[in-house]
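As structure tokens, the structure follows; a few thoughts come after it.
Each value in this text was obtained by applying a stated rule to the coordinates, not by laboratory testing. Only a predicted model underlies this, so the values are computations on that prediction, with no experimental measurement involved. Heads up, the Cβs are rebuilt from the backbone with ideal geometry, glycines too, and the neighbour counts pull from every protein chain shown.
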Ligand SMILES: NC(=O)c1ccc[n+]([C@@H]2O[C@H](COP(=O)([O-])OP(=O)(O)OC[C@H]3O[C@@H](n4cnc5c(N)ncnc54)[C@H](OP(=O)(O)O)[C@@H]3O)[C@@H](O)[C@H]2O)c1
């Protein structure tokens, strides 16, 4: 973690001691880092989880400052009263919780859950909500020119997301493929397979973001939207989240080919800092697109092989012989200029993600490797 942004003293931690803020989905990959960042900056934090007593949330209570300034509350985004209870007395809410799934049945959790969060925050007199969107709500538009620069004005094409499946929307929808690939039965045999015909994750994130924006405007609530792309880096939680599992599958050799597709990446600590900066900066509002690097699948696996040659990372493209998908251009100027966010190099982020997965027992330690990125 860059000390410049997380140093409590340099960010007026003393003044923030009194402020109570709430993080929904506190135990998840991104939520946990948002909680950690807030605690380091001196906030009192209330984290929500559907089962706060579960061992999967135990890591939160071990964070620096947690004993004095973190409490966990049970809340489900579909249970309005639980949200009112969680937001009572809070000046800020970070709405991170969301199913990361292409299951159409979970879309209402995202959309109605977000409507509930915004209204409960307004009812409880919260000053500002920071909402976690996704670049799946931004980049999926087959008609966008390859020369266009992806920025905060861009939206995915809803119909395209709704009517294409994870196979046919290649090369655009790397993100939905990612969500899809951890849902298929041969990887998670305990999951009941459901037919996946739509990119519902992207649809859900689009609708949730639009709902958040409309409801916040209607209720006169300040809203800032953080729009992360595929997020990597070390996990605080014990269980593997989807985007970490995506990297783990390449290292385990269970992913036999890489897609002829490009994807955008950033580090989870940068995502957390973006959330807190979007909360703290006076006047921060609207979308902040957080993209650190855009890589073709071939470049991603090459980077992993370079960092960890001892693992059986595939070198085979699933579309051998076809022209390589072109990278898209993007702008992260708003988040850099207005919020002052600096991006962690992807190689460092991937390295630390893998070491963390080894330490947590998700990956075998094959042999002591060199710190080749340093
Ligand atoms: N990771 C990425 O690459 C990425 C990229 C772009 C955007 N995002 C966005 O970032 C956010 C967090 O993602 P993540 O990767 O950290 O996922 P994660 O580790 O799976 O965490 C998701 C969280 O959502 C909570 N949740 C799910 N359904 C809920 C419900 N009905 N009520 C309350 N909480 C519920 C879960 O809480 P429980 O503990 O109660 O299960 C969990 O803590 C999501 O909004 C996601 O769309 C993620």
*Fewest to most neighbouring Cβ within 10 Å: what's the order for 344, 114?*
344, 114
*Note the per residue figure in Å³ for the convex hull of the C-alpha positions in the range 194-278.*
158 Å³
*Using alpha carbon centroids, what distance separates the range 193-264 and the range 336-364, in Å?*
16 Å
_Which of rounded, prolate or oblate describes the range 224-374 when judged by the alpha-carbon gyration tensor and an a/c cut-off of 1.5?_
oblate
*Give the span of the range 3-356's Cα atoms along each principal axis, as three whole-Å numbers ordered largest to smallest.*
60, 43, 42
_Restricting everything to alpha-carbon atoms, can you work out Rg to Rh for the range 21-65 with a Kirkwood hydrodynamic radius?_
0.92
*Starting from the Cα gyration tensor of the range 211-253, multiply each eigenvalue by 5, take the square root, and state the resulting semi-axes largest first in whole Å.*
35, 11, 8
*What whole-number value in cubic angstrom gives the convex hull volume per residue for the C-alpha atoms of the range 86-161?*
106 Å³
